[in-house]
1. Stokes-Einstein diffusion coefficient for region 17-56 at 25 °C in a medium of 0.890 mPa s, Rh from the Kirkwood formula over Cα pairs: what value in µm²/s?
2. Of the beta bridges DSSP finds with both residues in the chain, what % are antiparallel, to the nearest 5?
3. Can you send over the carbon and sulfur percentage of the accessible area for the chain, probe radius 1.4 Å, protein chains only?
4. Could you give me the radius of gyration and the Dmax of the chain, taking only the C-alpha atoms into account and expressing both in angstrom?
5. Can you sort Glu46, Glu6 by solvent-accessible area, 1.4 Å probe, largest first?
6. Please give the per residue accessible area of the chain, computed with a probe of 1.4 Å over protein heavy atoms only, in Å².
7. Net charge around Asp109, counting only other residues with Cβ within less than 13 Å of its Cβ (Lys, Arg = +1; Asp, Glu = -1)?
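The values are calculated or read from the model by the stated rules, or taken from the named source; none is laboratory data. For clarity, every value in this text was computed on a predicted model and none was experimentally measured. Cβ coordinates were reconstructed from backbone atoms using ideal geometry, including for glycine residues, and neighbour counts include every protein chain displayed. In case anyone asks, the SASA skips ligands and DNA or RNA and just uses the protein heavy atoms, side chains included. Shrake-Rupley method; radii C 1.70, N 1.55, O 1.52, S 1.80 Å.
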Amino acid sequence: QVQLVESGGGLVQTGGSLRLSCAASGSILSINTMAWYPQAPGKQRELVAFITSGGSTHYVDSLKGRFTISRDNAKNTLYLQMNSLKPEDTAVYYCNVQIRTVSFPYTADYWGQGTQVTVSS
């Protein structure tokens, strides 16, 4: 069994900052790519940033320079530092983690429960 627990969302004003966390726990053998997928109201969930097991990071162009994705492999935790927030960043942010468990020989995708980020104008 694997659990992903997200935290760090909230209500901030335009220009503010938030730091999201996504902690994985359970019978984890290894973790591959970790990613963030915001889902704005009425829209589909979309990939905006991911980090590989080797630490390589990738962002959609609209986030470059404002958001920073990172991970702590010792804690099995993913982070998203969000700066210079804009109202259009408002969404429920889901983490997605590729995990190989002790009981299953293949890597599978796991999702967090989502954390609400609201940016007021």
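1. 199 µm²/s
2. Beta bridges within the chain, antiparallel portion: roughly 90 percent.
3. Ligands and nucleic acids excluded, carbon and sulfur give 47 percent.
4. Calculated on Cα positions, Rg and Dmax stand at 14.2, 47 Å.
5. Most to least solvent-accessible, the answer reads Glu46, Glu6.
6. 54 Å²
7. Local charge sum for Asp109: +2.
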